[in-house]
Each structure stands twice: as C-alpha cells, then as structure tokens.
1. Among the listed residues A:119, A:94, A:66, identify the single one that is at negative phi, within 11 Å of chain B (Cβ to nearest Cβ), at pLDDT 90 or above and surrounded by 22 or more Cβ atoms within 10 Å (Cβ to Cβ).
2. Which members of the range A:234-250 meet the condition of being modelled with pLDDT under 85, closer than 16 Å to residue A:201 by Cα and facing another protein chain (nearest Cβ under 7 Å)?
3. For the range A:2-15, indicate whether the set of residues that are under 16 Å from the mean Cα position of the chain (by Cα) and within 19 Å of residue A:62 (Cβ to Cβ) is non-empty.
4. From (1) crowded, with 19+ Cβ neighbours inside 10 Å; (2) at pLDDT 95 or above; (3) of a type in the set (A, V, I, L, M, F, W, C), pick out the condition that doesn't hold for residue A:128.
5. Against the definition (touching a Gly at 6+ places or on another chain (Cβ under 6 Å) and more than 7 Å from chain B (Cβ to nearest Cβ)), how does residue A:38 come out, yes or no?
6. Has the range A:211-233 got any residue that is part of a strand (DSSP E or B), at the interface with chain B (Cβ under 7 Å from one of its Cβ atoms), modelled with pLDDT of 65 or more and surrounded by fewer than 17 Cβ atoms within 10 Å (Cβ to Cβ)?
7. Please identify the pairs in which a residue from the range A:260-276 that is at the interface with chain B (Cβ under 7 Å from one of its Cβ atoms) and over 13 Å from residue B:61 (Cα atoms) has its Cβ atom under 7 Å from the Cβ atom of a residue that is buried (at least 17 other Cβ atoms within 10 Å of the Cβ) and among the aromatic types (Phe, Trp, Tyr), counting only partners at least 6 apart or on another chain.
Amino acid sequence: MLTLPVQELSLDSKTAISFPVPHVSDHQDVGRLDFNIDSQGKVYALLEASNPVGQGQTPKTDYYIAGYSGDGTNNSLVQISGIPDKNAIPLRLAAFLNGNFLLTGNTSIPGQEPKFFAAILASHGTFVTDVHLQSGGSLKSMTGNGLAVGAPDGDVYVLRDTTPPRLAAISPQGQVVHELQVQPPLPHLQPTQLGIAGDNYVFIQFSPVSTAQMSKQSVGKMVEVLDLANGVPFALYRLPLSKSDFGLAACATSPYQFFSLGTAPGGGLELIRYTPPGS
Amino acid sequence: MDLPSRKRKWLARLALVPLIIVCAVPWVNSAQKRDAQGSKPLTLPVQPLLPRSAINFSAPAPQIVETNAKCDANGDVYLVYSGAPWRTILPNLPYGVCGTTNFADEESISYKGCFIRKLLILGSTSELSHRLLWKGVAYPPCSRTLA
C-alpha cells in the first residue's frame, strides 16, 4: 500500500496525476510514511528507506523528504538529519510556506508508552529545533496523531490524539502560536482526518476506529469545523452512510462544501460534493 | 505568506478587535475555559451533509483508500488509493502486517504487542465496511487476539 503513488485528482481537468515513490540510491525497501501539500500546491513525501550497512548487521533506517513538480516528477530528495532524540521515529510531515518542515512522530523506547515528538526541519532536511507542546497526557491512538496541515496564514496546524485531542498552530520557527483542546462530538469517535476548510477554518473528521465499532453500520462519522481565529467550533456535520462512497471527507473548499471519494454508477471514480441543508 | 501580507492581515484583524473582543482570547485561554467548565464541548446542532453533485473521472473506482487524503487551495484532491482488490495490494507492504497475513476475519481481530507505526483504514465500497490495518514494527513480537 505504501508504495502506491499519491494521486492528484484535478477538479478542473478531471485528470489524475501520479506522484510515485522515488528511488533512493544505496537503499532498499523504500516506502512512503506520509505526504503533504503546501499552501501553494507543492507535493512532498516523507520516506523511509532501509540502509544495508553490512552483512550480519541490522539494516539502518534512514528518512528522506522527496519533493515533486506539478507533473509528478520527483525533483528533490533530502535526508533528514540531526534529530537529537535517537529514539524518535518520524511518522508525518507538513510543509511551511517558507520551505521549513514540521516533522512529527513518536519516541520508541521498549517498555514505555510511545510519546509524541515534533521538530522543525530546514528545507534541506536538517534539524532546527524541537517544538514544545503542552503536555496532553498519553496518546490515545496513532490514527489521528500528528495529523498536520499547512494553513494559508503560514502556520501549520497539528493534531495530537490525546484525551481529549489537542490542536496546535505552529509557526515556521517552531513557536506554538495557539493550542486548544478538541472535544470529540461523541465519546467513541477519534480524529482521522485534518484539513483546511477555506481561508479561516479547519475541519476534523472523527471516525469510530475500533474494529467492533467500525463493523456497526449505525455508527457514523462526523466532521467538526473550527474557526482558526479563535478555535471555537463553527459547525458540526454528520457524514452519510452510503454504498457509493468511502465516507472520507477528503477535501473542503469552505465550511459548507466538502468532497468525498466515491464510485460512479458505471464503476468509475468520482468525487462527490456534499453541503449541509440550505447551502 | 510573506511578512508584509501577514502584517496586513493582522492589521485587518486589529481593526475588528472592538467587535470581537470576547472571541479574541487566545486559544489556550479558550481551552482553559472549557476545562473550568468540565471539558464540556460547545453544543452545536448536528447537520447532515447531503450529496449535491458528482465529478466523474475516467479512472477506475478505488477498492481501498488511505485515510490521509489532502487537498490544495484549488480544491484538487491528493490521496493514495488503488483500484485493485485490497488482498492483492497488502503483500507489498514493506513491513508486512503484524501478526498475520490472513485477513478473512480481520474485523474481529485486534493486535497486541505491536508498536503501531500507522493505521490504514481501508474502505471497501462493495462490502460497505472498513478494514483496519495496523502497520507496525513487530517488537516485541506481535500477537493476534480476538477482540
């Protein structure tokens, strides 16, 4: 799954552009951990690659950031370096407009609960600074942890799936501009998606993520829209249960318009536009 | 966003301060206010999202989709999906899946002992169900248990 390309579905041209996982020289088992789109539409991918250091030795995992041009061609590849915490495992990436990156993930120490970490990287992949977020308690799940999105205001918004989840606005220099708690609409829902909903709003999709809950068709997914100016909830939506779509709020162009991936009656791919009543 | 445009944006916001002074508290204070009230969420009416129209592509419909879809300012959607059956895709996972390669009964399976790296939620429209795939590094060795 992770070696499948990222696909861009253009609303204007109705075409799909592929952004494949690039080759990393002297490495094997290259896989994509995450990808991100900056506010200007440039695509980046966070890669992990196994570095065979020698016979009989455990392969070393290196991490890279790949950049792409608009036609899907890989045009940059930088190795992530200088992270002081040797137990840090990168999981997600977000791009700032100034070229810096926000890298988030977990620290992995055997016998201990994984902890969240976040760091600022320069455009060439080197560590700049840690990001110090308020303690949010232990992580509830990996699903919605470290979800990040670049906003038009130049900051990156990152979500931690603590109890309750916490949303923070982080500047390109690593300062925590804002931070607040996000209350899931229902107790059994966890964040699975974070996105921008127009210039001044962010949306969070909440889904039931345990296998038992997921198998119950009565449990629906919900989308909460937050006002970026003050962090106050602006709207709360329930996604329909449909046989023709994935219940995935892939995109929002405003607090009132969402797009979801679906299957057309003829078996083709379609993007379904959703709005609340009266819009 | 460059610095001058950011300044302009903040100046515009400053002009609105008298009108929105109540809302202009920092996010942290807003969160603290919620804490003082027992972490109760603000009550918002739940509205349904209704399908209004569809944009068709020539590509085949996906069988599986990763949950981390994103979009740009133009509304173009970026996502990872495959039109192939999910069982044909899973063997290509770099790290495999903790515990098992048999997914016949995965909806009743939970995985313990795995350090979770990533959770993929695989949507399957034909079966109207979602399948959870815990992608992890097996340390200590993963064990599969029934939920």
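The values are calculated or read from the model by the stated rules, or taken from the named source; none is laboratory data. Note that the structure is a prediction, hence the values are computed from the model and not measured. Cβ coordinates were reconstructed from backbone atoms using ideal geometry, including for glycine residues, and neighbour counts include every protein chain displayed.
1. From the options A:119, A:94, A:66, the qualifying one is A:94.
2. A:250
3. Yes; the residues of the range A:2-15 include at least one that is under 16 Å from the mean Cα position of the chain (by Cα) and within 19 Å of residue A:62 (Cβ to Cβ).
4. (1)
5. yes
6. no
7. Here the result reads A:273/A:259; A:274/A:258; A:275/A:256; A:276/A:237; A:276/A:256, each pair linking the range A:260-276 to a residue that is buried (at least 17 other Cβ atoms within 10 Å of the Cβ) and among the aromatic types (Phe, Trp, Tyr).
Yes or no, residue by residue, for (1) under 18 Å from the mean Cα position of the chain (by Cα); (2) free of Cβ contacts under 8 Å to residues at least 60 places away in the same chain:
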{"site": "A:73", "(1), (2)": "no, yes"}
{"site": "A:90", "(1), (2)": "yes, yes"}
{"site": "A:98", "(1), (2)": "no, no"}
{"site": "A:109", "(1), (2)": "no, yes"}
